[in-house]
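**Q** Okay, here's the structure, questions in a sec.
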Amino acid sequence: MIVRVVRGKAVDAPGGYGAAVTGELVAAIDQGTTSSRCIVFDRAGEIVSVAQREHRQFFPQPGWVEHDAEEIWANVQQVVLEALAAAGAGPDGLAAVGITNQRETTVVWDRATGKPVAPAIVWQDTRTGPLLRELAEAYDEKRLRARTGLTLATYFAGPKLRWLLDHVDGLRARAERGEVLFGTIDSWLIWKLTGRHVTDVTNASRTMLMDLATLDWDPELLDALRVPAAMLPEIRSSAEVYGTAEGVLAGVPVASALGDQQSALFGQTCFQPGEAKCTYGTGSFLLLNTGASPVTSGHGLLTTVAYQIDGQPPVYALEGAIAVTGSLVQWLRDNLGLISTAPQIEELARTVDDNGGCYVVPAFSGLFAPHWRSDARGVIAGLTGYITKGHLARAVLEASAWQTREVVDAMNADSDVALRRLRVDGGMTGNALLMQFLADVLDVPVVRSRITETTCLGAAYAAGLAVGFWPDLATLREQWSSDAQWQPAMDPAHRERELRNWRKAVQRTLDWVD
Ligand SMILES: Nc1ncnc2c1ncn2[C@@H]1O[C@H](COP(=O)(O)OP(=O)(O)OP(=O)(O)O)[C@@H](O)[C@H]1O
Ligand SMILES: [Mg+2]
């Protein structure tokens, strides 16, 4: 457990609550892949308190990744209590609470008991590979892309739901009778908090079941994936009051839901078409605001809903999703034991001057954007007797930058204007060596926002807008500022040589899984 108090007053104060004025704060719950956080913000968008708890990752078979939705719910309640205590506030100190979440992770629960019927299948899980090959024969990928903005990949929620319907005894019949409910994590949490079964457009756009134009469940896709409509949540905008919370947040309006990456885009205040950000967490996700119309990618990017404010038309984004970046650093820490904390990787990488000719391509869940190859698996290429753990650490960091480069190249190819600078946030952006290398390989400035917890900030902003705590987008925009910037400094010939090597290494990952 981590409880960081940035400006809290009353963690141990006798009498507990009372330091905060009624309704002068907004909280955000960020239910991520590795942990759940609650952050309390004030009207200036400044962090008042943070609480965070990790949850267990289950790997029952190679390629399978599961979470316990009950554990997640317990952690969420805990971090809410801890963050409120650290802020010296009770629920009545909050004008609203917003939710942001790991996307695509799939939960099915019993409507009557509220218990999950099976472990949650996490977005990184590749068990639906064979199912997708089947689906590819029945459903044209081009049509799927046009309808949903997505590609046929194990990543998305719909196939995971189908897997559960096929493998949990009696589940399909119960789903048809409306006895069990499906939801991504946003839906699960809103249901637990308010008893309402809803989801927001950004999360729904990651199911492979929603029509990107109508923003409604698509009967043809439900049919193709054999998903009973009775188990689906109602799709709502990203910023509106879904209901009033009970329990730890009693009386607080639950007023936003956004997938974590869309939320970070919102928190970075990328409200104008052409504005982009990349968030470096477990994976990394570059989103470009494309405005009122969905742009279909010809280069392996996804089309997704960026956000929708209640009563307004949706805003769309192009997305480059990279599955493994920060989790590769965790792998170096937990599976290889070469470091004991993630930030130590920088020190280890600085023991050498370069990668020594070594490249790590972390295709742990296949390759996501722009390749979308579920048959790929990770490689360490260019190994010689010369390579030390320092080189390996460097190659691990460089992998995040090169993967970003591939996505930026795709984005530049898809849009008329080339990316001029990149706004970044997330845990890995604390790594100065990586940030410089990123600027070097992208050949554009990299700008870090002052508040790196933009995922939470976006959900807080959306919830605050929904209840009138903040008046408009322009006000939020004024609150954004950066705290660091890195300028490209790499010799172009060197960059090209390294890029060629990276591409060769990527080729080595392909055609691994039969
Ligand atoms: N200094 C660092 N250098 C490199 N990687 C780092 C550093 N600090 C953190 N990380 C990596 O960043 C990730 C944590 O970032 P962050 O807290 O933004 O992710 P997260 O939001 O918890 O992820 P998720 O929401 O997916 O659970 C971890 O994977 C960790 O390995
Ligand atoms: Mg996160």
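The values are calculated or read from the model by the stated rules, or taken from the named source; none is laboratory data. Note that this is a predicted model, so its numbers are computed, not measured. Cβ coordinates were reconstructed from backbone atoms using ideal geometry, including for glycine residues, and neighbour counts include every protein chain displayed. Heavy atoms of the whole protein, side chains included, go into the accessibility calculation; ligands, DNA and RNA do not. Shrake-Rupley method; radii C 1.70, N 1.55, O 1.52, S 1.80 Å.
**Q** Let me know the shape class of segment 189-325, please: from the alpha-carbon gyration tensor, a ≥ b ≥ c as square roots of the eigenvalues, rounded when a/c is under 1.5, otherwise prolate if a/b is greater than b/c, or oblate.
**A** Values: a/c = 1.69, a/b = 1.23, b/c = 1.37.
It comes out oblate by the Cα gyration axes.
**Q** Compute the distance in nm between two label points, each set 7 Å from the Cα along the Cα-to-Cβ direction, one at K504 and one at R43.
**A** Using points 7 Å along Cα→Cβ, the separation is 6.1 nm.
**Q** Now for a separate question. Could you tell me which of V324, A257, A292 has its Cα farthest along the dipole of segment 230-324 towards the positive end, charges placed at Cβ (Lys, Arg +1; Asp, Glu -1), taken about the Cα centre?
**A** It is V324.
**Q** I've got another one for you. Given a 1.4 angstrom probe, what's the average accessible area per residue across the chain, in square angstrom?
**A** Details: 18940 Å² over 514 residues.
On a per-residue basis, the chain sits at 37 Å².
**Q** Report relative contact order for the chain in percent, whole number only (criteria: Cα-Cα under 8 Å, sequence separation at least 6).
**A** Values: 1222 pairs, mean separation 73.0, N = 514.
This gives 14 percent for the chain.
**Q** Above 20 angstrom, tally the Cα pairs of segment 72-191 and express them as a % of all pairs, no decimals. Display every interim value, and only then the final one.
**A** Working: 3889 of 7140 pairs.
Distances greater than 20 Å cover 54 percent of the Cα pairs.
**Q** What is the spread of the Cα atoms of segment 245-339 along each of their three principal axes, largest first, in whole Å?
**A** 51, 47, 18
**Q** Kindly work out what percent of the DSSP beta bridges joining two residues of the chain are antiparallel, to the nearest 5. Don't skip to the end; give the middle numbers.
**A** Details: 56 of 79 bridges.
So the antiparallel bridges amount to about 70 percent of the total.
**Q** Now for a different question. Within the set of other residues whose C-beta is less than 11 Å from the C-beta of I345, count the net charge using Lys and Arg as +1 and Asp and Glu as -1.
**A** Values: positive: R333, R350, K389, R394; negative: E346, E347.
Summing Lys and Arg as +1 and Asp and Glu as -1 gives +2.
**Q** If you wrap a convex hull around the Cα atoms of segment 143-208, how much volume per residue is inside, in Å³?
**A** Numbers: hull volume 6.7 nm³, N = 66.
For segment 143-208, the hull spanned by Cα atoms encloses 102 Å³ per residue.
**Q** Could you state how much accessible area K389 has, in square angstrom rounded to the nearest 10, with a 1.4 Å probe and all protein chains kept in place?
**A** Estimated to the nearest 10 Å², K389 gives 110 Å².
**Q** Dipole of segment 403-514, Cα-centred, from +1 at each Lys and Arg C-beta and -1 at each Asp and Glu C-beta, to the nearest 20 debye?
**A** Working: 13 positive and 16 negative charges, 49 e Å.
The calculated dipole for segment 403-514 is roughly 240 debye.
**Q** Largest first, please: the extent of the C-alpha atoms of segment 438-508 along each principal axis, to the nearest Å.
**A** 53, 28, 16
**Q** Further question on the same structure: Pop out the ³J(HN,Hα) list for segment 276-288 in order, Karplus 6.51 cos²θ - 1.76 cosθ + 1.60 with θ = phi - 60°, rounded to Hz; leave Gly and Pro as x.
**A** Couplings: 9, 9, 10, 9, 9, x, 3, x, 10, 9, 9, 10, 10 Hz.
**Q** Does segment 259-299 come out rounded, prolate or oblate by the C-alpha gyration tensor, with a ≥ b ≥ c the root eigenvalues, rounded set by a/c under 1.5 and, if not, prolate when a/b is larger than b/c and oblate if not?
**A** On the way: a/c = 2.20, a/b = 1.30, b/c = 1.69.
Cα axes put segment 259-299 in the oblate bin.
**Q** Hey, could you get me the Stokes-Einstein D for segment 354-437, Kirkwood radius over alpha-carbon pairs, 37 °C and 0.692 mPa s, rounded to whole µm² s⁻¹? Walk me through the numbers before you get to the answer.
**A** Values: Rh = 14.4 Å.
Answer, rounded: 229 µm²/s.
**Q** For every other residue with a beta carbon closer than 15 angstrom to the beta carbon of A239, add +1 if it is Lys or Arg and -1 if Asp or Glu, then tell me the sum.
**A** Numbers: positive: R236; negative: D186, D200, E240, D310, D472.
The answer is -4.
**Q** Rounded, prolate or oblate: which fits segment 115-269 when a ≥ b ≥ c are the square roots of the eigenvalues of the alpha-carbon gyration tensor, with rounded for a/c under 1.5 and prolate only if a/b beats b/c? Please list the in-between numbers first.
**A** On the way: a/c = 1.92, a/b = 1.34, b/c = 1.43.
Judged from the Cα gyration tensor, segment 115-269 comes out oblate (a/c at least 1.5, b/c at or above a/b).
**Q** Quick one: what are the phi-derived ³J(HN,Hα) couplings along segment 190-201, Karplus 6.51/-1.76/1.60 with θ = phi - 60°, whole Hz, x for glycine and proline?
**A** So the J values, rounded to whole Hz, are 5, 5, 5, 7, 10, x, 8, 9, 9, 9, 9, 4.
**Q** Roughly how many percent of the accessible protein surface of segment 381-441 is carbon and sulfur, given a 1.4 Å probe and a whole-percent answer? Display every interim value, and only then the final one.
**A** On the way: 1190 of 2170 Å².
For segment 381-441, the apolar C and S fraction of the accessible surface comes to 55 percent.
**Q** Let me ask something else about it. Could you go through segment 70-75 in sequence order and give the Karplus-derived ³J(HN,Hα) for each residue, using 6.51 cos²θ - 1.76 cosθ + 1.60 with θ = phi - 60°, rounded to whole Hz, and x for Gly and Pro?
**A** Per residue, the Karplus-derived 3J(HN,Hα) values read 5, 4, 4, 5, 4, 5 Hz.
**Q** Additional query: Starting from the 7 Å offset along Cα-to-Cβ, what nm value, one decimal, do you get for the label separation of R450 and K142?
**A** 5.0
**Q** Provide the percentage of antiparallel DSSP beta bridges, counting only those with both residues in segment 262-396; round to the nearest 5. Spell out each step's value before the answer.
**A** Numbers: 21 of 22 bridges.
Percentage antiparallel, nearest 5: 95.
**Q** Using the Kirkwood radius built from alpha carbon pairs, what does the Stokes-Einstein equation give as D for the chain at 20 °C and 1.002 mPa s, in µm² per second? Kindly include the intermediate steps, with their values, before the conclusion.
**A** On the way: Rh = 23.0 Å.
Value of D from the Cα-based Kirkwood radius: 93 µm²/s.
**Q** Stretched out fully, how many nm does the piece from V417 to D92 gain, at 0.36 nm a residue minus the Cα gap? Display every interim value, and only then the final one.
**A** On the way: separation 325, 0.36 × 325 = 117.00 nm, distance 4.66 nm.
Between V417 and D92, full extension yields an extra 112.3 nm.
**Q** Looking at S481, G427, P313, which one has the Cα that reaches farthest to the positive end of the dipole of the chain (charges on Cβ: Lys, Arg +1; Asp, Glu -1)?
**A** Checking the options against the dipole of the chain, the answer is G427.
**Q** Among the GluC sites (Glu not before Pro) in segment 429-514, which ones are in a DSSP loop with at most 15 other Cβ atoms within 10 Å of the Cβ? Mind listing them? Could the numbers behind the result be given before it?
**A** Values: sites: E453, E478, E496, E498; in loops: E453.
Sites meeting the loop and neighbour criteria: none at all.
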